[in-house]
Amino acid sequence: MQTYRVGGAVRDALLGREVHDHDWVVVGATPEQMTEAGFLPIGKDFPVFLHPETREEYALARTERKTARGYHGFAFKAAPDVTLEQDLARRDLTINAMAQDADGHIIDPFHGQADLQARVLRHVTVAFREDPVRILRVARFAARFADFSLAAETLELMRGMVADGEVDALVPERVWQELARGLMEARPSRMFELLRECGALARILPEVDRLWGVPQRADYHPEVDTGVHLMMVLDMSARLAAPLAVRFACLTHDLGKGTTPADVLPKHIGHEQRSAQLLKDVCERLRVPTDCRELARVVAWEHGNVHRSEEFGAAALVRLLERCDAFRKPQRFDEVLLACECDARGRLGLEERPYPQRQRLLEVLNAARAVDTATIAAQAREQGLTGEQIGARIQKVRTEVVADLLRR
């Protein structure tokens, strides 16, 4: 029985990056031997175990055979006679198909080290085409390793997979998982650009894919093209270290511009409502988590109003806060404002432009939240007011407080 460190841990160590997780492959062992050694079995589809002390994952060396379309369409063989090279051959990219033995020696049958040095993402074997998730993974690695290029033959293989309909067999949960991880990489735009280049974006997120080639008003958007703008917004979200929900809101804030009638371009009147409807469809299709979909909905509806909020008077500002549910969810409102800042600064030549709307609206919110709503409500009830009347009284006082703030 021999144990090897494999995959991302080996790759990142060779790149000089910090290694967070270690994965291990065990060659020459049976599940019974692993259990007898104290390992805890956790694998459902194939034998994977947790180390009794480190809790790191140890998988038996295995091969796989395609049996049906999609992510789950595989039959696995894990047996003592499966070699390390056979196990590495089933991996996606050469830079992920290296192993390291107990003495620190690198086992590299597919020349992953050479591709690391050349900064190339390249598939290991043509078996790559059997798993459509690999298209998403390669795109995600492109977002992580921004200075790596994609091998031409790998791009052609991915295009063939899309043409053969493999992408259509992806399950929603796995699509969301990979998209979410890609959004959190250093250059999320590269993930979507690569998916678009191979044709997968049109199948996975047609609402995003159709944004390229759609013009916008040059006085607001010097980059003009809506798809280009979207990529700049995503990269700005990474630059500002935004959380996942904010990055997803950035991805979906302008979906409605892809359905603007041609005869009114480059204006996009009413795109907010169309964006919100398309967003709903995307979230249902990909089963997007609630926190992400709710933040994205507010941003889709209100980002234009947030941008214009410096022109608003006190009453309009309070109504904006109410629509954003900012009084109940102030932290989420701050994330709404961060997404809007990414949108405003994700424009050609405007990347360093200040976004005073964010600080101003936070100050307005803090002033309005300082209003003692419980006392106001109690006094209103004593006067015989109920329901909406009490709400109107609270809104009136908040508006007066905000008006006083604006006069300072």
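The values are calculated or read from the model by the stated rules, or taken from the named source; none is laboratory data. From a predicted model like this one, the values you see are computed outputs, not experimental measurements. Don't worry about glycine lacking a Cβ; one is built from the backbone with ideal geometry, like all the others, and counts go over all protein chains shown.
List, please: which pairs have Cβ atoms under 6 Å, are six or more places apart or on different chains, and start with a residue in region 325-348 that is farther than 17 Å from SER309 by Cα and in the same structural domain as GLY391 (by TED's automatic domain parsing) and end with one that is at pLDDT below 95 and part of a helix (DSSP H, G or I)?
none
Please give the number of the condition ARG287 fails out of (1) in contact (Cβ under 8 Å) with a residue 12 or more places away in the chain; (2) on the phi < 0 side of the Ramachandran plot; (3) of a type in the set (Lys, Arg).
Checking ARG287 against (1) in contact (Cβ under 8 Å) with a residue 12 or more places away in the chain; (2) on the phi < 0 side of the Ramachandran plot; (3) of a type in the set (Lys, Arg), the one that fails is (2).
Is one or more of the residues making up region 90-102 surrounded by fewer than 18 Cβ atoms within 10 Å (Cβ to Cβ) and more than 25 Å from GLU64 (Cα to Cα)?
Yes, because at least one residue in region 90-102 is surrounded by fewer than 18 Cβ atoms within 10 Å (Cβ to Cβ) and more than 25 Å from GLU64 (Cα to Cα).
Being assigned by TED's automatic domain parsing to the domain that holds ALA61 and of a type outside the set (A, V, I, L, M) is the requirement here; does PHE110 meet it?
Working: assigned by TED's automatic domain parsing to the domain that holds ALA61: yes; of a type outside the set (A, V, I, L, M): yes.
It is true that PHE110 is assigned by TED's automatic domain parsing to the domain that holds ALA61 and of a type outside the set (A, V, I, L, M).
Could you check ASP263 against (1) modelled with pLDDT of 95 or more; (2) in a helix (DSSP H, G or I) and say which number it fails?
(1)
Just to check your reading of the model, which residue among ALA262, ALA276, ALA316 is of a type in the set (A, V, I, L, M, F, W, C) and in contact (Cβ under 8 Å) with a residue 24 or more places away in the chain?
Selected residue: ALA276, the only one of ALA262, ALA276, ALA316 that is of a type in the set (A, V, I, L, M, F, W, C) and in contact (Cβ under 8 Å) with a residue 24 or more places away in the chain.
Checking PHE145 against (1) surrounded by 15 or more Cβ atoms within 10 Å (Cβ to Cβ); (2) closer than 25 Å to CYS250 by Cα; (3) touching a residue at least 40 places away in the same chain (Cβ under 8 Å), only one condition comes out false. Which one?
Every listed condition holds for PHE145 apart from (3).
Name the pairs: first residue in region 50-63 and closer than 13 Å to THR30 by Cβ and assigned by TED's automatic domain parsing to the domain that holds HIS22, second residue hydroxyl-bearing (Ser, Thr, Tyr) and in a loop (DSSP other than H, G, I, E, B), Cβ to Cβ under 8 Å, at least 6 apart or on different chains?
LEU60/THR30; ALA61/THR83
Quick one: in region 175-192, which of the residues that are closer than 22 Å to ALA300 by Cβ and either of a type outside the set (A, V, I, L, M, F, W, C) or not assigned by TED's automatic domain parsing to the domain that holds ARG140 (or both) is surrounded by the fewest Cβ atoms within 10 Å (Cβ to Cβ)?
Going residue by residue through region 175-192, those that are closer than 22 Å to ALA300 by Cβ are 175-176, 179-180, 182-184, 188-189, 191-192.
Within this subset, residues satisfying the condition of being either of a type outside the set (A, V, I, L, M, F, W, C) or not assigned by TED's automatic domain parsing to the domain that holds ARG140 (or both) are 182, 188-189.
Details: GLY182: 26, PRO188: 26, SER189: 23.
Ranking the candidates gives SER189 first.
If we keep just the residues of region 362-393 that are under 21 Å from ASP404 (Cβ atoms) and of a type in the set (Ser, Thr, Tyr), which is surrounded by the fewest Cβ atoms within 10 Å (Cβ to Cβ)?
Result: THR375.
I'm trying to understand the selection: among the residues of region 104-136, which are surrounded by fewer than 18 Cβ atoms within 10 Å (Cβ to Cβ), at pLDDT 95 or above and either part of a helix (DSSP H, G or I) or touching a His at 6+ places or on another chain (Cβ under 9 Å) (or both)?
Within region 104-136, GLN113, ALA114, GLN117, ALA118 qualify.
When you look at GLU351, is it within 22 Å of LEU317 (Cβ to Cβ) and assigned by TED's automatic domain parsing to the domain that holds ALA249, yes or no? If you could, list the steps in order and put the result at the bottom.
Numbers: within 22 Å of LEU317 (Cβ to Cβ): no; assigned by TED's automatic domain parsing to the domain that holds ALA249: yes.
Here the answer is no, as GLU351 does not meet what is asked.
Across region 300-332, what is the total count of residues that are crowded, with 23+ Cβ neighbours inside 10 Å and touching an Asp or Glu at 6+ places or on another chain (Cβ under 8 Å)? Working first, answer last.
Looking only at region 300-332, we keep the residues that are crowded, with 23+ Cβ neighbours inside 10 Å, and these are 300, 303, 306, 317-318, 324, 326.
From what is left, the residues that are touching an Asp or Glu at 6+ places or on another chain (Cβ under 8 Å) are 300, 303, 324.
Residues in region 300-332 being crowded, with 23+ Cβ neighbours inside 10 Å and touching an Asp or Glu at 6+ places or on another chain (Cβ under 8 Å): 3 in total.
Inspect all residues belonging to region 196-203 and state whether any of them is out of contact with any Leu (no Cβ under 6 Å at 6 or more places or on another chain), in a helix (DSSP H, G or I) and under 25 Å from LEU240 (Cα atoms).
Yes, region 196-203 contains a residue that is out of contact with any Leu (no Cβ under 6 Å at 6 or more places or on another chain), in a helix (DSSP H, G or I) and under 25 Å from LEU240 (Cα atoms).
Out of the residues in region 333-351 that are of a type in the set (Gly, Ala, Ser) and buried (at least 23 other Cβ atoms within 10 Å of the Cβ), which is nearest to ALA370 (Cα to Cα)? I'd like the intermediate steps shown before the answer.
We begin by selecting, within region 333-351, every residue of a type in the set (Gly, Ala, Ser); these are 339, 344, 346, 349.
Next, from what is left, pick out any that are buried (at least 23 other Cβ atoms within 10 Å of the Cβ): 339, 346.
Numbers: ALA339: 25, GLY346: 33 Å.
Among them, the one singled out is ALA339.
Under 9 Å by Cβ, and 6 or more places apart or on different chains, what pairs join a residue from region 357-374 that is within 17 Å of GLU335 (Cα to Cα) with one that is in a helix (DSSP H, G or I) and of a type in the set (S, T, N, Q)?
Filtered contacts from region 357-374: GLN357/SER309; ARG360/SER309; LEU361/SER309; VAL364/SER309.
Condition check ((1) out of contact with any Phe, Trp or Tyr (no Cβ under 9 Å at 6 or more places or on another chain); (2) of a type outside the set (Gly, Ala, Ser); (3) modelled with pLDDT under 95; (4) part of a helix (DSSP H, G or I)) across all residues:
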{"residue": "ASP325", "(1), (2), (3), (4)": "no, yes, no, no"}
{"residue": "PHE333", "(1), (2), (3), (4)": "no, yes, no, yes"}
{"residue": "ARG347", "(1), (2), (3), (4)": "no, yes, no, no"}
{"residue": "LEU361", "(1), (2), (3), (4)": "no, yes, no, yes"}
{"residue": "ASN366", "(1), (2), (3), (4)": "yes, yes, no, yes"}
{"residue": "THR375", "(1), (2), (3), (4)": "yes, yes, yes, yes"}
{"residue": "ILE390", "(1), (2), (3), (4)": "yes, yes, yes, yes"}
{"residue": "THR399", "(1), (2), (3), (4)": "yes, yes, no, yes"}
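Can you list residue pairs whose Cβ atoms sit under 7 Å apart, with the first residue in region 1-23 being assigned by TED's automatic domain parsing to the domain that holds ALA102 and farther than 15 Å from ASP103 by Cβ and the second being surrounded by fewer than 17 Cβ atoms within 10 Å (Cβ to Cβ) and β-branched (Val, Ile, Thr)? Count only pairs 6 or more apart in sequence or on different chains.
Hits for this filter: ALA9/VAL19; ASP12/VAL19.
Is one or more of the residues making up region 277-291 of a type in the set (Ser, Thr, Tyr), at pLDDT 95 or above and within 17 Å of the chain's Cα centre (by Cα)?
Checked against the condition, which is being of a type in the set (Ser, Thr, Tyr), at pLDDT 95 or above and within 17 Å of the chain's Cα centre (by Cα), region 277-291 yields at least one hit.
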